[in-house]
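Taking it in order: structure first as structure tokens, then the write-up.
The values are calculated or read from the model by the stated rules, or taken from the named source; none is laboratory data. In this text, all values refer to a predicted model and were calculated from it rather than measured experimentally. No Cβ is skipped: glycine too gets one built from the backbone with ideal geometry, and neighbour counts run over all protein chains shown.
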Amino acid sequence: MKERIREIITNPIIVILLIAFAVSGVIIYGISSNMAEQKSEIVNSLDISSVSRDKDGKLIVKLTDYEALRDETNFLTAVSPNVSSSGQLIAGNNNYPASVNGVSTEYLEIRQLSVESGEMFTEADIQNAAKVCIIGKTIVDNLFPNGQNPIGHIIRFNQVPLRVVGVLKEKGYNSMGMDQDEIVLAPYTTVMKRMLAVTYLQGIFASALSEDMTDYATDEITTILRRNHKLKENDDDDFTIRSQQELSTMLNSTTDLMTTLLACIAGISLVVGGIGIMNIMYVSVTERTREIGLRMSVGARGVDILSQFLIEAILISITGGIIGVVIGCGASFIVKNVAHWPIYIQAWSVFLSFAVCTVTGVFFGWYPAKKAADLDPIEAIRYE
């Protein structure tokens, strides 16, 4: 059993793969750290939604709540209702499954969106429940694949015709891998009356004056909604308020846990790989004792022997490092293209990987190399 274990840890291929795993872990750790450091662009936004229904089975949040928040709050810069309907978008012979979000004109400010071509629908469109919409780049690519200008065209959503009045500026994927350009916005009155036939809202979006004012805005919203819903002092809230700060904190804590776990596994692999290097070099010194004696007898100095074995140890380690960089970068590329995560390989993680390889080779190769350099030439030549 001991011989089998020794055979495994002195196998160069296994040692190289262990170091490769550790190095790829360092690169992925750098990617994870970068994702954890990315903060949401809309950290001052708030999402309000119902957690219960009234006696008629309707959601609690109503248009009157939106109007009260719009007119009475001091810590909010923008407020928008939210109603959504899922279905199939059709334009000519092309179709695409999507959701139409019913919002107000202030939604663009809350989500930091901008119109690239055309225009945003107006307050008059909202008052008249006009059949108009603005769409994202992904919708344009799927409904108008030949490069036509969608402005002015009619698209149908669950038999409801909508005239495209604007196209949103492209935003790409967010940190959760969601396509932010797969979006269709219409007046909330249009969705409520013409698509869903409801009088309640699925939620309310809002943005605080600043990130520091988010807590004040949350308290203000809570006070107004509890008053509107006639809740008693001991009653629980029948709505929830989620801030982007909370979501960002949850994401960061999860990412930190994963990166810590990954760092521990990579560290263990690196130590085992380093011990393997030490064993390989120790066996190499033992098997080449007579060669070392001959070299020293013809003038080789101790430092020459030391350098020879250190370089060999470093080469084994760096070979694992190169394989690890390829594995780490390849895995990152696959995740980026399959899961659509916004992954960016940090240059420092690649440099750190090679630095770790070099240090590992020197640290674990030093003792066997020093043992070889200290051999007595006469005794070495006589070694059988």
Could you please give the count of residues in the range 225-235 that are surrounded by 13 or more Cβ atoms within 10 Å (Cβ to Cβ), in a loop (DSSP other than H, G, I, E, B) and out of contact with any strand residue (DSSP E or B) (no Cβ under 8 Å at 6 or more places or on another chain)? 1
Would you point out which residue out of 206, 197 is crowded, with 16+ Cβ neighbours inside 10 Å and among the small types (Gly, Ala, Ser)? 206
Could you tell me whether any residue of the range 100-122 is touching a Cys at 6+ places or on another chain (Cβ under 9 Å) and either closer than 13 Å to residue 165 by Cβ or not assigned by TED's automatic domain parsing to the domain that holds residue 162 (or both)? yes
Take residue 124 and decide whether it is surrounded by fewer than 19 Cβ atoms within 10 Å (Cβ to Cβ), of a type in the set (Gly, Ala, Ser) and either touching a Phe, Trp or Tyr at 6+ places or on another chain (Cβ under 6 Å) or closer than 16 Å to residue 84 by Cα (or both). no
Could you pull out the residue among 222, 189 that is within 34 Å of the chain's Cα centre (by Cα) and not in a loop (DSSP other than H, G, I, E, B)? 222
Looking at the range 236-256, is at least one residue of a type in the set (A, V, I, L, M, F, W, C), touching a helix residue (DSSP H, G or I) at 6+ places or on another chain (Cβ under 7 Å), part of a helix (DSSP H, G or I) and touching a residue at least 40 places away in the same chain (Cβ under 8 Å)? no
For residues in the range 147-163 being among the β-branched types (Val, Ile, Thr) and in contact with a helix residue (DSSP H, G or I) (Cβ under 9 Å, 6 or more places away or on another chain), which is farthest from residue 191 (Cα to Cα)? 155
Looking at residue 299 and the list (1) free of Cβ contacts under 8 Å to residues at least 40 places away in the same chain; (2) in a helix (DSSP H, G or I), which single condition is not satisfied? (2)
If you check residue 141 against the conditions, is it among the acidic types (Asp, Glu) and more than 32 Å from the chain's Cα centre (by Cα)? no
Restrict the check to the range 265-277 and report whether at least one residue is over 30 Å from residue 358 (Cα atoms), small (Gly, Ala, Ser) and crowded, with 18+ Cβ neighbours inside 10 Å. no
Look through 160, 184 and report the one residue that is surrounded by 22 or more Cβ atoms within 10 Å (Cβ to Cβ) and in contact (Cβ under 8 Å) with a residue 24 or more places away in the chain. 184
Among 143, 113, which is buried (at least 17 other Cβ atoms within 10 Å of the Cβ) and either at pLDDT 95 or above or closer than 30 Å to residue 51 by Cα (or both)? 113
Helices (runs of 4 or more DSSP H) wholly inside the range 89-157 containing at least 1 residues that are in contact (Cβ under 8 Å) with a residue 40 or more places away in the chain and over 24 Å from residue 79 (Cα atoms): 137-143
With the condition kept exactly as written, say whether any residue in the range 75-83 is in the same structural domain as residue 200 (by TED's automatic domain parsing), of a type in the set (Gly, Ala, Ser) and either part of a helix (DSSP H, G or I) or out of contact with any Asp or Glu (no Cβ under 6 Å at 6 or more places or on another chain) (or both). no
Please work out if residue 321 is part of a helix (DSSP H, G or I), modelled with pLDDT under 75, in contact with a Gly (Cβ under 8 Å, 6 or more places away or on another chain) and in the same structural domain as residue 378 (by TED's automatic domain parsing). no
Of (1) at pLDDT 90 or above; (2) among the aliphatic types (A, V, I, L, M); (3) not assigned by TED's automatic domain parsing to the domain that holds residue 221, residue 19 fails just (1)
Based on what the data block shows, is residue 127 within 24 Å of residue 48 (Cα to Cα) and more than 32 Å from the chain's Cα centre (by Cα)? yes
Can you spot a residue in the range 266-286 that is within 13 Å of residue 368 (Cβ to Cβ), among the polar types (S, T, N, Q), in the same structural domain as residue 373 (by TED's automatic domain parsing) and without any contact (Cβ under 8 Å) to a residue 60 or more places away in the chain? yes
